[in-house]
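Colleague: Shown below is the structure under consideration.
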Amino acid sequence: MARQTLSQLLENMGSGSAVALARLMTLVEREGREVGRILEAIAPQLGHAFTIGVTGPPGAGKSSLVDGLTTLMRAAHKTVGVVAIDPSSPFSGGALLGDRIRMGQHYLDKGVFIRSMATRGSHGGLARATLDVMKLLDAFRCDYVLVETVGVGQTELDVMRATDTVIVTLVPEAGDSVQVMKAGLMEIADIFVVNKADRDGAQRMMTDLSLMLELKYSNRPAGQTAAPQWKIPVLATQAINNVGLPELFEALESHHQFLADGGELERRRTTRRQEELLARVEYAVRRRLTDQLELDPALARLFEEVGAGRLDPHSASEQVLRSEFLKNGGEL
Ligand SMILES: Nc1nc2c(ncn2[C@@H]2O[C@H](COP(=O)(O)OP(=O)(O)O)[C@@H](O)[C@H]2O)c(=O)[nH]1
Ligand SMILES: [Mg+2]
């Protein structure tokens with residue numbers, strides 16, 4: 001893309017053009033050579049948005065909650081960005097279409113920007129692209145950025161860790177509380193929501209979660225209790241009936257306040273920026289290697305030797321790190 005055009009796009013986005021924003025999102029998603037310049041250009045404008053992750057099993061009602069929260073945020077005269085990623089549905093059919101219909105009322109609202117992320121096969125690619133899209137929404141001056149993921153894999157956990165507040169959404173079904181522990185969702189939740197509270201078993205689920213949280217608190221080493229702690233709320237909602245959503249919005253605001261007051265927000269963001277650096281290096285190295293693998297017979301042989309068990313992966317990795325492969329991989 002011509003230099004002029006990219007500057008123009010950035011300028012137009014800066015003056016509120018949603019068309020420019022969408023085009024810039026496509027560029028970062030495609031991972032073209034412009035990504036570096038885009039991220040560099042928007043870096044000074046980052047940090048305005050309060051980012052919220054919404055995760056949980058498929059069908060738990062995440063999209064419905066995001067929809068309801070968006071309505072409340074708009075009523076409070078805030079602008080909203082929504083990012084949905086769902087790697088389990090590789091075709092932009094069912095799930096996305098459903099989201100689109102559900103979010104239909106917001107599509108015409110200029111204060112809401114909605115983006116569904118395309119599935120990417122490459123390791124770490126989706127998480128990276130999602131973070132970049134969230135940054136663009138932040139630079140676009142969205143007050144809130146909501147990101148919806150299905151809480152299963154590494155990508156989803158990576159994305160959730162990159163948000164200020166994580167809502168873990170569950171439904172009153174047997175076995176879910178065990179799943180929470182397994183999926184590592186317990187570690188990342190700032191707010192628990194039991195959605196579909198119109199169904200049987202919601203109360204039971206809430207009690208289970210509360211007990212699990214109490215256990216977690218009582219296991220905390222004594223020294224750590226001195227600092228103010230966030231008490232993870234367990235909320236009941238009925239997203240489709242608009243029940244419990246104002247309370248959820250309030251809990252989000254309380255958590256935001258909690259993070260801001262104790263300096264925790266800045267601490268989290270500091271760690272996150274450093275984590276992002278590590279993740280980007282990791283991703284770039286891996287990508288360069290796999291790209292190079294197709295072009296370079298020597299590297300291909302090295303992989304073959306390791307694959308066949310004739311060369312140990314450790315020595316091979318030392319060879320790779322000393323080689324020129326990593327330096328001439330094109331733009332970062
Ligand atoms: N009974 C009931 N159904 C709900 C509730 N919230 C969402 N649903 C329905 O559950 C299905 C999945 O919701 P969706 O928001 O797409 O879930 P997601 O996959 O987590 O994004 C949809 O048919 C919703 O209408 C609720 O509170 N009660
Ligand atoms: Mg959904």
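The values are calculated or read from the model by the stated rules, or taken from the named source; none is laboratory data. The structure presented is a predicted model; accordingly, all values stated were derived computationally and were not measured. Ideal geometry is used to build each Cβ from the backbone, glycine not excepted, and the neighbour counts take in all protein chains shown.
Colleague: Quick one: what pairs do we get from the stretch 64-81, first residue touching a residue at least 24 places away in the same chain (Cβ under 8 Å), second surrounded by fewer than 21 Cβ atoms within 10 Å (Cβ to Cβ) and of a type in the set (D, E, K, R), C-beta under 6 Å, 6+ apart or different chains?
Modeller: As it stands, the answer is Asp67/Arg102; Lys78/Asp143; Thr79/Asp143, since those pairs meet every condition given.
Colleague: Return the residues of the stretch 267-304 that are over 28 Å from Ser317 (Cα atoms) and either in the same structural domain as Gly53 (by TED's automatic domain parsing) or in contact (Cβ under 8 Å) with a residue 40 or more places away in the chain (or both); say none if nothing qualifies.
Modeller: Arg268, Arg269
Colleague: If we keep just the residues of the stretch 181-201 that are more than 23 Å from Gln229 (Cβ to Cβ) and at pLDDT 80 or above, which is surrounded by the most Cβ atoms within 10 Å (Cβ to Cβ)?
Modeller: Asn195
Colleague: For His255, state whether it is outside any loop (DSSP other than H, G, I, E, B), in contact (Cβ under 8 Å) with a residue 40 or more places away in the chain and of a type outside the set (Asp, Glu).
Modeller: Answer is yes for this residue.
Colleague: While we're looking at this one, here's another question. As an exercise: evaluate Val178 against (1) over 18 Å from Gly61 (Cα atoms); (2) modelled with pLDDT of 80 or more; (3) outside any loop (DSSP other than H, G, I, E, B) and give the number of the one condition it does not meet.
Modeller: (2)
Colleague: Residue under question is Thr51, and the condition is that it be under 17 Å from the mean Cα position of the chain (by Cα), modelled with pLDDT of 65 or more and within 13 Å of ligand 2 (Cβ to nearest atom); does it hold?
Modeller: No: the conditions fail for Thr51.
Colleague: So Val320 ticks every box in (1) under 27 Å from Leu157 (Cα atoms); (2) surrounded by 15 or more Cβ atoms within 10 Å (Cβ to Cβ) but one. Which box is left unticked?
Modeller: The failed condition is (1).
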